[in-house]
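Scroll down for the structure; my scribbles are underneath it.
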Amino acid sequence: MTPRQQNLIYFLQRLLSLLVVFLMLAAAAVWTGRLFGRDIGLSANKAEEKKHAEQTTLTADALSALGLPTGVSLTPKDSATWLVAAGDSGVIVSSKPFTKDIEGFAGPVPVYVWFDANGVICGIAAADNAETPDFFRSAFESIAPAWKGQAAASASPQVDAVTGATYTRRALTANIRAAVDAYNASTSAYVVQPAIGWAKTIAVGALLIIGIAVSLIKKKQKWLRIALLLLNVGVLGFWCGQFLSLSLLKGFVANGFDPILALPSVLMLAVAVLLPLFGRKKHYCTWVCPYGSLQELAAMVGLPHIKIGQKAWRVMGQARTFVLALLLLLLWTGFGAWLLDYEPFSAFIFTTASPAVLILAGAFVVTGLFVPRLWCHTFCPVGELLSLAETSLKKNNPKK
């Protein structure tokens, strides 16, 4: 067999490994009844029934969140608008029909907006969504109050700068604005741009390029490695809030994604998937991941490390496979989605991360003072997924 044929076989095996990983994620996402943003199976029928029901009534929870009594009279005007109390108390507008291409972190985040008879926003309520509850609650509570009391014709709320849950916050703002525009019969367009803005997106892209360049330097310099780790933590982690997580990957498969809105994450995923094709094994975990970088920096502090034998270290590495298998099994059965809320990566967005996530992330960083990259080596499901996708590199690379 010629080297060219061996390279072709290697490339095809690599693609097959990626296909297997994709199918695992697809299986984990399908239980939600959605694939690439489309309802499938029974969920498609339920979605159609729900759409019909929403055209005639709103749930008691939605009415309560808007500040309306449960028994208020609602008269449907069209698929997105209800007249309140025969029109004497204004109208309620749903953003859903106007924001089909706008998604938060895990999918659409439609809202209901209640305008009184004078066109003043009296209440905003969230419709059903698949966002992480803690993240969504924090985003909603930081945005919605600024709109209340604003006149629809001149609404220009002062909302705090985006510091966390950026996909969700931006999508929520766009949904509220779409409902206001619909009330005003406006035709203003929604301009798609990266969720974290172009400046941060450019910073992410630049840092990914720097990471590739540093990894290619044959004579490694310790100071250069430390500088890259600090940039990963400071820029990718705390400033931009960008990282790969199982929750993100499953969300992409279940709900699809806008390539511009999710551009920073798409760039990181492309680097993680494509670099191993060119022999750069574990590039994302070693040269990009902000949480892995933070653990490695902790290990450099200089405290004495706990000595772990090769056999024990190998067993600990196998535990990561078990963790991923167990997590996927729970996701496939529809019972493990809540576990994704506790991946430690989201601790970088500390303004919206739950206390449990902050404690978990901090514990592994402290452990990293004595056992380098313990989370990465023993527990990280994303790292294990990427390793599975690189299996062919270890066994079938003709250069080995």
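The values are calculated or read from the model by the stated rules, or taken from the named source; none is laboratory data. It should be emphasised that the depicted structure is a prediction, and the values quoted were computed from it without experimental measurement. Please note: Cβ atoms are built from the backbone with ideal geometry, for glycine as well, and neighbour counts cover all protein chains shown. With ligands, DNA and RNA removed, areas are computed over all heavy atoms of the protein, side chains included. Shrake-Rupley method; radii C 1.70, N 1.55, O 1.52, S 1.80 Å.
Which of the residues that make up the stretch 303-314 are farther than 16 Å from residue 373 by Cβ and either in contact (Cβ under 8 Å) with a residue 24 or more places away in the chain or β-branched (Val, Ile, Thr) (or both)? Across the stretch 303-314, the qualifying residue is only 304.
Is the stretch 84-100 home to any residue that is among the aromatic types (Phe, Trp, Tyr) and either open to solvent by 10 Å² or more (accessible area, probe 1.4 Å) or part of a helix (DSSP H, G or I) (or both)? Outline the logic, then answer.
So the first thing to find is which residues in the stretch 84-100 are among the aromatic types (Phe, Trp, Tyr), and the list is 98.
Narrowing the set further to residues that are either open to solvent by 10 Å² or more (accessible area, probe 1.4 Å) or part of a helix (DSSP H, G or I) (or both) leaves 98.
Within the stretch 84-100 (the criterion being among the aromatic types (Phe, Trp, Tyr) and either open to solvent by 10 Å² or more (accessible area, probe 1.4 Å) or part of a helix (DSSP H, G or I) (or both)), the answer is yes, since at least one residue qualifies.
Sub-6 Å Cβ pairs linking a first residue in the stretch 377-388 that is small (Gly, Ala, Ser) to a second residue that is open to solvent by 10 Å² or more (accessible area, probe 1.4 Å), at least 6 apart or interchain, are 383/285; 383/376, ordered by first then second residue.
Name the residues in the stretch 246-282 that are touching a Gly at 6+ places or on another chain (Cβ under 9 Å) and closer than 21 Å to residue 131 by Cβ, would you?
Step one: of the stretch 246-282, the residues touching a Gly at 6+ places or on another chain (Cβ under 9 Å) are 251, 254-257, 263-264, 267, 271, 282.
The answer is 251, 254, 255, 256, 257, 263, 264.
Name the single residue that is farthest from residue 169 (Cα to Cα) among those in the stretch 338-360 being small (Gly, Ala, Ser) and buried (at least 18 other Cβ atoms within 10 Å of the Cβ). First the steps, then the outcome.
Of the stretch 338-360, the ones small (Gly, Ala, Ser) are 346-347, 353-354, 356.
Checking the rest, the ones that are also buried (at least 18 other Cβ atoms within 10 Å of the Cβ) come to 346-347, 353.
Working: 346: 15, 347: 17, 353: 14 Å.
My answer is 347.
Residues in the stretch 1-25 that are aromatic (Phe, Trp, Tyr) and either open to solvent by 70 Å² or more (accessible area, probe 1.4 Å) or at pLDDT 70 or above (or both): 11, 22.
Yes/no matrix, rows are residues, columns are (1) at pLDDT 85 or above; (2) touching a strand residue (DSSP E or B) at 6+ places or on another chain (Cβ under 8 Å):
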site	(1), (2)
41	no, no
49	no, no
52	no, no
75	no, yes
83	no, yes
86	no, yes
106	no, no
109	yes, yes
113	yes, yes
